[in-house]
């Protein structure tokens with residue numbers, strides 16, 4: 001509701017200034033530092049004063065006296081040298097916020113412009129690790145934000161099943177394990193195949209260091225996989241498909257789902273790259289290097305693509321290899337073709353078949369080169385594309401965008417967003433708890449970096465198991481009489497809440513140092529702290545049921561937060577919220593009613609952390625409220641109804657906020 005009033009005040013001021021002063025100005029809006037100064041402020045009169053050559057305070061007074069009634073605003077006051085401070089109608093704000101919560105978010109029409117969000121994108125050669133979880137949690141939460149705002153979203157998880165990482169594991173099975181495709185297929189049917197490949201990948205990396213000659217096999221292996229035939233290609237298909245299924249199961253533990261798995265193999269086999277290659281050559285966006293270290297490679301001159309100038313006499317300067325001299329396409333080349341397809345600019349499409357069904361019943365489709373299913377939904381043709389990829393890939397993402405611009409697709413380049421983020425590391429304490437031996441230097445650092453290539457890191461499932469075990473111990477100690485299956489479910493909800501909140505509370509440009517103790521704490525800025533506020537609110541309803549079944553049944557049957565609100569007279573409501581005694585209650589109500597503004601801010605900045613911060617602040621406000629007000633023993637029926645309504649509103653807003661973060665509110669903790 002707050003963002004609606006902000007927009008209403010901004011429009012009223014802009015329209016009045018246009019009529020009264022014949023001036024068209026931007027109207028900035030701020031939040032006053034103290035509730036005693038109102039809820040919305042604007043310094044617009046300072047800019048207007050420059051144009052009118054008048055004192056800003058005199059203009060502000062003139063506007064406050066003449067603008068008239070603004071719906072939802074009780075009064076305008078002049079502050080300082082010329083600020084306009086708006087004081088909201090507190091009772092009206094309460095009623096409007098309740099109405100907005102009941103209506104819920106808008107649902108995108110089927111023909112709305114599509115947003116494609118590509119996230120997770122784990123190389124299918126080993127188990128997922130904690131860094132992948134940050135990518136997936138960020139992408140999934142951003143998808144939830146977009147959908148909450150009424151946007152149509154398609155979630156893609158790109159599978160690089162023909163890349164170097166898969167080739168290295170295939171090499172490991174062939175030359176270190178000495179296993180045939182049939183033997184690997186049998187091994188893949190066993191649990192924890194992704195763990196086996198994790199260790200094997202590290203062994204292959206070590207073997208390259210001890211036996212450098214073995215590296216020569218990588219090129220031939222990679223070429224065979226890209227061409228898609230022979231025993232090596234069959235082996236790569238077994239490895240990648242099995243591990244993708246492992247990754248999907250891991251992500252399902254966090255409540256993460258996908259619509260489509262585009263595979264690199266189909267980009268190659270359906271000649272997506274060939275189509276993109278022809279376009280790039282025809283536009284002169286890439287050129288064949290004839291000398292220097294890039295001789296024989298097709299390269300994109302980044303200075304040309306970005307509108308700059310090439311360094312004369314230096315063909316290698318500022319160039320990016322798109323096709324290697326042996327004819328294989330680099331990752332960024334294939335990604336240019338993929339980005340063109342996302343926008344519907346390639347003139348080609350995949351075939352599709354069903355790959356997996358999430359526990360919710362949602363179908364995950366996968367790309368195919370042929371034999372697709374006729375009832376597959378349409379994919380691609382996005383209006384906006386968000387690629388969730390860590391900040392270390394910023395240059396390659398810039399190359400992709402430069403490729404679009406070089407082809408004349410400036411509009412699509414502008415709508416290609418790199419949703420970047422920093423790495424996840426471990427605190428030294430966490431690394432020791434996971435069994436890693438640290439050097440004295442590492443033990444003194446603020447965080448310890450991990451490396452899947454060297455086998456050093458925290459596997460996602462190990463982390464989740466550890467978190468669930470810790471949460472289960474806490475739940476068992478608090479609720480020993482609760483049935484075991486229910487305790488396990490609660491522990492899972494707490495563990496996922498702890499992890500997702502920890503991964504999302506930091507802004508994307510912050511390096512995260514993960515720590516078990518910090519994440520699982522029930523105090524401070526954590527997921528369990530926010531969840532506990534919901535539990536406290538729900539405990540009120542359980543206890544209320546013992547007092548008055550009729551009241552609770554009334555609230556349940558109405559499906560609205562206004563069930564108790566209707567029992568409050570307008571006069572008593574104003575009295576409960578009136579300053580200064582009601583300021584504390586009003587500030588919590590104002591925070592609850594600011595949910596929409598927080599969602600808008602999070603979307604505009606592409607920062608789910610804003611929602612995490614909001615959830616914590618609301619939980620903190622409610623916990624203070626819970627300790628101060630004895631709702632169930634309140635003797636004044638009208639005040640009791642008011643406090644119950646406020647409790648229900650905060651609970652629902654907190655549930656909504658946590659849901660955007662992929663966090664569930666448990667019934668007990």
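Of the helices (runs of 4 or more DSSP H) that lie entirely inside the stretch 552-669, those containing 1 or more residues that are closer than 25 Å to residue 149 by Cα and at pLDDT 90 or above span 583-592, 595-605, 609-628, 637-660.
Within the stretch 359-382, is there a residue that is within 30 Å of residue 514 (Cα to Cα) and surrounded by 20 or more Cβ atoms within 10 Å (Cβ to Cβ)? No, because not a single residue in the stretch 359-382 is within 30 Å of residue 514 (Cα to Cα) and surrounded by 20 or more Cβ atoms within 10 Å (Cβ to Cβ).
Residue 122 meets the conditions (1) out of contact with any strand residue (DSSP E or B) (no Cβ under 7 Å at 6 or more places or on another chain); (2) not in a loop (DSSP other than H, G, I, E, B) in every case but one. The failed one is (2).
Do we have any residue at all in the stretch 476-484 that's surrounded by fewer than 19 Cβ atoms within 10 Å (Cβ to Cβ) and in contact with a strand residue (DSSP E or B) (Cβ under 6 Å, 6 or more places away or on another chain)? So far as the stretch 476-484 goes, no, none of its residues is surrounded by fewer than 19 Cβ atoms within 10 Å (Cβ to Cβ) and in contact with a strand residue (DSSP E or B) (Cβ under 6 Å, 6 or more places away or on another chain).
Restricting 433, 437, 449 to residues that are within 24 Å of the chain's Cα centre (by Cα), at pLDDT below 85 and surrounded by fewer than 20 Cβ atoms within 10 Å (Cβ to Cβ) narrows the list to 449.
The values are calculated or read from the model by the stated rules, or taken from the named source; none is laboratory data. In this text the structure is predicted, and so the values were computed from the model without any measurement. Backbone-built Cβ (ideal geometry, glycine too); neighbour counts: all protein chains shown.
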